[in-house]
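Coordinate-derived values only; no laboratory data. For clarity, every value in this text was computed on a predicted model and none was experimentally measured. All Cβ positions, even for glycine, are placed from backbone atoms using ideal geometry, and neighbour counts span all protein chains on display.
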Amino acid sequence: MSAARAARREVVADLSRFLRFRSVSAGPGQAGDLGRCAQWLAGRLRRSGLADTRLVPTGGGPPMVIGHSADRPGRPHLLVYGHYDVQPAPRDGWRTDPFTAVVSNGNLVGRGAADNKGPIMAHVAALTAVIRSAGQLPLNVSCVFDGEEEIGSPHLRAALFRHRHELAADVAVVSDTRILGPDRPALVYALRGSITFEIEVRGQPRDVHSGAFGGAVHNPAHALADLLSSFHGPDNRVAVAGFYDGVRVPVPAERRRMRTHGPTDAQLRSSAGGRPLWGMAGPTAYERTTLLPALNVISLRSGDHRVTAIPGRASAIVNVRVAAGQDPAAVVEALRGHIAATLPTTVRATLRVVSSTGPAETMPGHPAMRVAAQAYRHGFGRSPVLLRSGGTIPAVSLMRDILGIPVVLLGFTLPDAGIHGPNEQLNLEVFWRSVDTCIWFLHGLARPSRA
């Protein structure tokens with residue numbers, strides 16, 4: 001730990017440089033920034049002691065950064081995953097330049113500070129400290145840093161498959177989840193899956209004059225609105241036959257633990273902005289956002305407000321969060337069936353899947369999860385709370401499916417970090433605890449009894 005403490009000023013300087021890169025994966029024109037960010041990160045990994053580090057083309061997206069430590073035959077193999085891309089950062093609401101790191105009230109402020117450049121640097125700082133103090137790592141470590149996580153990691157599946165032999169680890173760690181507070185670590189053991197799809201409703205072959213045809217032809221925008229409304233019933237449940245098929249019911253002990261340690265309805269309401277919550281009666285809001293699937297309309301598009309015409313087509317982007325036990329393909333088929341049964345013959349519709357990721361779980365009793373819990377106890381001074389998350393991390397399911405390894409979600413982000421919003425921040429005291437936790441995790445996995 002002394003090596004990590006001695007390097008704190010250096011680590012903050014490196015993280016500040018990391019945050020300067022405008023590595024926004026959404027939208028055109030960012031390839032240069034993403035490439036420069038990947039090059040810098042690869043250089044920082046080499047400087048930490050992972051000499052075998054390179055940029056790997058993904059076949060259309062920004063490069064992946066893959067690095068390996070010196071080979072330790074017979075030792076366990078850990079895979080560290082993170083993402084160096086960030087969300088866009090429009091200046092509205094920011095008190096400072098989003099891509100110039102600023103220390104304010106014990107926080108490092110900047111886009112990507114919490115999601116996910118700060119957590120990446122916690123692992124890199126831990127690797128550096130252990131190598132500097134001991135001369136080598138106590139186990140084999142590989143790193144994979146993705147440049148497209150914020151847009152669903154579209155090239156990650158193929159890249160992991162191509163490099164599956166060199167990435168054949170025993171366990172992976174991902175630090176892209178939240179903890180409950182500065183001294184309240186949380187070990188997430190389950191994620192929901194995610195399906196994003198586009199529905200397009202088509203009417204006449206072209207836009208037609210609303211004066212000449214209004215009241216005589218079916219407006220695709222109206223038909224789309226009716227279809228979207230039909231997805232939920234008056235009880236706020238999703239009214240699609242088969243939508244809830246396969247949902248795994250938790251054992252009573254897990255549900256009691258969730259109600260004891262998970263956020264209350266009041267806390268979730270406050271986090272969401274304070275307006276009254278919505279959803280089916282019975283389950284708590286936390287249960288609805290973790291144990292059950294959900295369907296949400298993300299965006300709508302139709303026509304041109306400058307022209308008084310009935311549009312020939314209308315479209316919507318819809319996201320479904322898939323619960324544990326569900327098959328995303330079966331959910332998509334249920335939605336196709338609902339659309340076919342609901343849509344009138346005056347219009348036609350297509351459903352196009354944009355992205356699909358299955359749910360993922362690593363049970364708390366897994367040996368690597370026990371090591372993670374012990375690492376939190378050393379790093380934060382108390383045992384972590386076990387939580388489910390309603391979010392989705394595509395890499396978790398992909399590493400499970402392609403590499404066949406369990407994934408530990410060793411999160412460090414505070415609830416008020418402002419990820420994806422203005423003034424995103426990283427609490428520096430929590431960051432140093434995170435570095436210590438990563439060091440303890442490395443040593444814990446390396447013990448012969450854990451191999």
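Over the range 295-451, the fraction of Cα-Cα pairs per 10 Å bin, rounded to whole percents and listed from the shortest bin up, is 8, 24, 27, 19, 12, 7, 2, 0. The stretch between Val307 and Ala51, if pulled fully straight at 0.36 nm per residue, gains 86.1 nm over its current Cα-Cα span. Charge dipole of the chain (Cα centre as origin; +1 on each Lys and Arg Cβ, -1 on each Asp and Glu Cβ, all else neutral): 820 debye, rounded to the nearest 20.
Where in the range 395-431 is the amide nitrogen less than 20 Å from a point lying 7 Å along the Cα-to-Cβ axis of Val103? It comes to 414, 417, 423-431, nothing else.
Shown in residue order for the range 34-50 are the 3J(HN,Hα) couplings computed by the Karplus curve 6.51 cos²θ - 1.76 cosθ + 1.60 at θ = phi - 60°: 5, x, 5, 5, 5, 4, 4, 5, 4, x, 5, 5, 4, 5, 6, x, 8 Hz (x for Gly and Pro). Ordered by the number of other Cβ atoms lying within 10 Å of each residue's own Cβ, fewest first, Val297, Val430 fall into the sequence Val297, Val430. Protection proxy ranking, highest mean first, for peptides 182-191, 137-146: 137-146, 182-191, where packing is the per-residue count of other beta-carbon atoms within 10 Å, averaged. The alpha-carbon positions of the range 1-71 define a convex hull whose volume is 96 Å³ per residue.
Return the loop-located GluC sites (Glu not before Pro) in the range 162-244 (DSSP other than H, G, I, E, B) with at most 15 other Cβ atoms within 10 Å of their own Cβ; answer none if there are none.
Working: sites: Glu166, Glu198, Glu200; in loops: Glu166.
Listed in order of number, the matching sites are Glu166.
In plain terms, the residue of Cys37, Cys438 with the fewest other Cβ atoms within 10 Å comes first and the most crowded comes last, giving Cys438, Cys37. The candidate values were [x] 21; [y] 11; [z] 18; the one computed from these coordinates for percent of Cα pairs over 41 Å apart carries the label [x]. Given in Å, the Rg to one decimal and the Dmax to the nearest whole number for the Cα atoms of the range 372-451 are 14.6, 45. Descending by average beta-carbon neighbour count within 10 Å, the peptides 9-15, 80-86 line up as 80-86, 9-15, the highest first. Taking Cα atoms only, the orientation of helix 367-380 departs from the longest principal axis of the chain by about 70 degrees.
Multiplying the sequence separation of Ala330 and Arg348 by 0.36 nm and subtracting their Cα-Cα distance, what value in nm do you get? Mind showing how you got there, number by number?
Working: separation 18, 0.36 × 18 = 6.48 nm, distance 2.21 nm.
Once the chain is fully extended between Ala330 and Arg348, it gains 4.3 nm.
Among the trypsin sites (Lys or Arg not before Pro) in the range 59-146, which ones are in a DSSP loop with at most 15 other Cβ atoms within 10 Å of the Cβ? Mind listing them? It would help to have the intermediate numbers written out before the result.
On the way: sites: Arg91, Arg95, Arg111, Lys117, Arg132; in loops: Arg91, Arg95, Arg111.
Those satisfying the criteria are Arg91, Arg95.
The angle between the Cα long axis of helix 8-20 and the longest principal axis of the Cα atoms of the chain comes to about 30 degrees, rounded to the nearest 10. Counting neighbouring beta carbons within 10 Å and listing from fewest to most, the residues Asp265, Asp71, Asp170 come out as Asp71, Asp265, Asp170. Around the Cα centre of the range 303-426, unit charges on the Cβ atoms of Lys, Arg, Asp and Glu (plus for the first two, minus for the last two) sum to a dipole of about 80 debye. Compared with the dominant principal axis of the Cα atoms in the chain, helix 117-134 is inclined by about 20°.
In deg cm²/dmol and to the nearest 500, what is the mean residue ellipticity at 222 nm of the chain if only DSSP H runs of at least 4 residues count, each as -39500 (n - 2.57), divided by the residue total? Let's see the in-between values first.
Working: 14 runs with 150 residues, N = 451.
Computed ellipticity for the chain at 222 nm equals -10000 deg cm²/dmol.
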